Amino acid sequence: MDTHFFKNPPRKYKIAWRNYYTGQNLSSVRVACAIFLLLNTIIRILYQVFPLSLTRAENFPEFNITNWVFIGSGIIFYSVSFILIDIYKKKQEATAIMALFIFTFSLYLIGCGMYSSFITTGDPRNALTLYLIALTVIGVLCVFEYYETIILVISIEVLFTLMLVISHTDPTEMLYNQLVSVVLLGGFYLISRYFFSSKANYFLQLIEIKEKNLEIERGSELKSQLLGMVAHDLRNPIAAVESIAMMMELDDIDADTRDNLDMMKASCVKARTIIEDLLETARNENISEFVIHKTELNRFIMDIVDVWKIQKEAKNIELISSVSPAYAQINYEKFQRVLDNLIGNALKFSKERSKIEIFLSKKNTNIIIEIKDHGIGIPKDKLPIIFDPFTKAGRAGLKGEQSTGLGLSIVKQIIEKHKGKIEVESEEGKGSLFRISLPAAEGS
């Protein structure tokens, strides 16, 4: 994707490249207009503050008139740039009028520098600083196609020649001045093409990154679709196996057969759990509309805790809240899954009757939910990968409960959908603390 001085980006990007650099050029012109207008306004203010000092300067009458012209034209160019930028933002498309405006402003600014050099002294070779600055500014700020640069260079040279003729420069001095101008314009041309090349390469890098991101998104979407389809299709055969095992239990069977049937049913439950996790992962990645509601979290968490105490006989769960009311925008079903997973993990890796504490608080503009257990903790080397899908950090619980390696990954997905984040602190033998941070809703 190298771009040389005389080479445009590939043809398929030609329109996109022109649209891109036109927007950049318009922004650059607006900034240049603002600086140009500011400088001339400062000169006018200085004239009002120190009139005697400035009026004695050589060629002051010409400078005085020129200053007013520069201020007036600066206001016009600045206003037009605002209008064109507004049009560009709405359409995201370059037009011939925009290109003509940028070209005109560039020629005008260089002409201003050139004219200022002429009125400073009769021999512009001795005072070409402003001319050089104007050429450099346009060469750096604005991007021109090869043919536009050539036209601009020719126009500048013609303008310079006209000024030499009007100022009645003798032939020898005219030749010297033309040589100086040619050198300056050669430098301008090289600067212009160099920055064209640099900005074109940057643009192509942006395009390449966007295309790769699109490929990644398509691949991720396809993966999620396949994952969902496979998991969904596995449901029926597993349900059939489980049904057959339950029907066989109704018959008179010996102890060995019953043990085998129990093993079959346990395997079906485990497989069904894995399938549900796979489907949840696919749904979370593909979900386009995430419905949330303003919810008071004290009541919401307490309802979940009550279900665990009644259905799971987990009497050792306690909610400790330091903020009431505590409102956040959440999806009921998804966020309940988050808390169920974290509470389930806390119970799974804690001894029986070990206390599980849920802390609810507020920090700045965030609601903080912390689930703390006093169980076996998480090994230090497992902490960085604990939220990865299919992580190797998954372990069997104290009662032999198996892990799919997807639970905490799903939890993180859901929390990020809520524009929140989750962190974990843990020490082996002392327990773990999972901290959820959610944006607080109005009223908290």
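The values are calculated or read from the model by the stated rules, or taken from the named source; none is laboratory data. Please read these numbers as outputs of a predicted model, since none were measured by experiment. Every residue, glycine as well, gets a Cβ built from its backbone with ideal geometry; the counts of neighbours run over all protein chains shown. Each accessible area value is taken on the protein alone, full model and side chains, heavy atoms only, with ligands, DNA and RNA left out. Shrake-Rupley method; radii C 1.70, N 1.55, O 1.52, S 1.80 Å.
Tally up the residues in the stretch 323-335 that are open to solvent by 60 Å² or more (accessible area, probe 1.4 Å) and within 15 Å of SER437 (Cα to Cα), please.
Within the stretch 323-335, residues that are open to solvent by 60 Å² or more (accessible area, probe 1.4 Å) and within 15 Å of SER437 (Cα to Cα) number 2.
Taking the conditions exactly as written (open to solvent by 20 Å² or more (accessible area, probe 1.4 Å) and modelled with pLDDT under 90), does THR104 satisfy them or not?
Criteria not met by THR104.
From the residues in the stretch 10-50 that are touching a residue at least 60 places away in the same chain (Cβ under 8 Å) and more than 28 Å from the chain's Cα centre (by Cα), which one is farthest from ASN201 (Cα to Cα)?
PHE36
Go through the residues of the stretch 177-194 one by one and say whether even a single one is open to solvent by 30 Å² or more (accessible area, probe 1.4 Å), among the basic types (Lys, Arg) and in contact (Cβ under 8 Å) with a residue 60 or more places away in the chain.
no
Answer yes or no: is there a residue in the stretch 290-299 that is open to solvent by 40 Å² or more (accessible area, probe 1.4 Å), within 23 Å of ILE410 (Cα to Cα), of a type outside the set (Asp, Glu) and modelled with pLDDT under 85.
Taking every residue of the stretch 290-299 in turn, at least one turns out to be open to solvent by 40 Å² or more (accessible area, probe 1.4 Å), within 23 Å of ILE410 (Cα to Cα), of a type outside the set (Asp, Glu) and modelled with pLDDT under 85.
For ILE368, state whether it is modelled with pLDDT of 90 or more and either open to solvent by 10 Å² or more (accessible area, probe 1.4 Å) or among the β-branched types (Val, Ile, Thr) (or both).
Yes.
Listed residues ILE138, ILE150; which is touching a residue at least 40 places away in the same chain (Cβ under 8 Å) and part of a helix (DSSP H, G or I)?
Within the list ILE138, ILE150, the selection yields ILE138.
Do we have SER243 as assigned to a helix (DSSP H, G or I), modelled with pLDDT under 70 and not acidic (Asp, Glu) here?
Here the answer is no, as SER243 does not meet what is asked.
Do any residues in the stretch 347-362 that are over 24 Å from SER437 (Cβ atoms) have Cβ atoms under 8 Å from those of residues that are surrounded by 21 or more Cβ atoms within 10 Å (Cβ to Cβ) and modelled with pLDDT of 85 or more, where the two are at least six apart or on different chains, and which pairs are they?
LYS351/GLY375; SER354/ASP373; SER354/GLY375
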